[in-house]
Amino acid sequence: MRRTALTLGAAALALDAAPACAALQDALPRQAEAPQPAIVAEAERFMADYARELASGDRAAIADRYDRRGAWRVGNGEKALQSWEEIRAFYAGAGWSPPSSFAWRDLSFEPLGPDAVVVVGLFDWGLGAGRAPLTVSYTGLLVRRHGALRIRLEDESAARR
């Protein structure tokens, strides 16, 4: 019985103190949110430039965005490590054609340190007049190599129609 009385007394004291604690918390200076790491701003610029190059069909510039060690290309149930030379040849060849329009959607950036960031989002790939764009999910790993961000991994998976 004594234990119940102490427990009830402690609960009453806590309820009485709650408004004072809330007022004290409101009076304390708020800690500013951590500043965005520099790699995130750099990755945002990278992705904006990448979108412009894709939309304009700048094949050489697109290939230059990839890591010279090659890049993992995954998606739709496939996985391959392609050399930079293979990537360059793909974008230069007849197997790739630019979209009629291109737009990133809902990109999120997860910094992994000062020299790497994961980019996750969606993009809409225009298929031409009278056709709805193809929506594709996207995950990319950007790493700093020789002073510039480069794509080391891309996962692109088209939405089911």
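The numbers here are math on the coordinates, done by the rules we state, and not lab data. Keep in mind the model is a prediction, meaning the values are calculated, not measured. Cβ placement follows ideal geometry from the backbone for every residue including glycine, while neighbour counts extend to all protein chains displayed.
Under 5 Å between amide hydrogens, which residues at least 5 positions from residue 107 or on another chain qualify, with H placed 1.01 Å from N in the peptide plane?
Sorted by chain and number, the residues that satisfy this are 122.
Cβ neighbours within 10 Å, averaged per peptide: list 134-146, 71-83 in order, most packed at the top. Don't skip to the end; give the middle numbers.
Numbers: 134-146: 16.8, 71-83: 13.5.
Ranking the peptides 134-146, 71-83 by packing returns 134-146, 71-83.
For residue 71, what charge total do you get from the other residues with a beta carbon under 10 Å from its beta carbon, if Lys and Arg give +1 and Asp and Glu give -1?
Values: positive: 65, 68, 69, 73, 150, 152; negative: 67, 86, 154.
Residues near residue 71 contribute +3 overall.
Excluding residue 144 itself, what net charge comes from residues whose Cβ is under 14 Å from its Cβ, given Lys and Arg +1 and Asp and Glu -1? Each step should come with its number before you reach the end.
Details: positive: 45, 65, 68, 69, 145, 150, 152; negative: 42, 67, 115.
Value of the local net charge: +4.
Evaluate the relative contact order of the stretch 38-158 (contact order divided by residue number), counting alpha-carbon pairs under 8 angstrom at least 6 apart; express in whole percent. Let's see the in-between values first.
On the way: 238 pairs, mean separation 31.2, N = 121.
Once divided by the residue count of the stretch 38-158, the mean separation gives 26 percent.
Per residue of the stretch 116-124, what does 6.51 cos²θ - 1.76 cosθ + 1.60 with θ = phi - 60° give for ³J(HN,Hα)? Whole Hz please, x for Gly and Pro, Karplus curve as stated.
Along the stretch 116-124, the couplings run 7, 8, 9, 10, 10, x, 9, 9, 10 Hz.
Subtracting the Cα-Cα distance from 0.36 nm times the residue separation, let me have the gained length for residue 60 to residue 105 in nm, one decimal. Walk me through the numbers on the way to the answer.
Values: separation 45, 0.36 × 45 = 16.20 nm, distance 2.40 nm.
Result for the pair: 13.8 nm of gain on full extension.
Taking 0.36 nm per residue of sequence separation and subtracting the Cα-Cα distance, how much length would be gained by fully extending the chain between residue 40 and residue 52, in nm to one decimal?
Numbers: separation 12, 0.36 × 12 = 4.32 nm, distance 1.86 nm.
Length difference between fully extended and current span is 2.5 nm.
Could you please report the charge total around residue 102, scoring K, R as +1 and D, E as -1 over all other residues with beta-carbon less than 13 angstrom from its beta-carbon? Please report the intermediate quantities before stating the final value.
Details: positive: 52, 105; negative: 49, 53, 58, 124, 156.
It works out to a net charge of -3.
Compute the normalised compactness of the stretch 38-158: alpha-carbon radius of gyration over 2.2 N^0.38 Å, N being the residue count.
1.02
Stretch residue 132-residue 148 to full length: gain in nm at 0.36 nm per residue minus the Cα-Cα span?
Numbers: separation 16, 0.36 × 16 = 5.76 nm, distance 3.48 nm.
Net length gain for the segment: 2.3 nm.
Output wanted: per-residue J couplings in Hz (rounded whole) for the stretch 138-143, from phi through Karplus 6.51 cos²θ - 1.76 cosθ + 1.60, θ = phi - 60°, x for Gly and Pro.
With the stated coefficients, the stretch 138-143 comes to 9, 9, x, 10, 9, 10 Hz.
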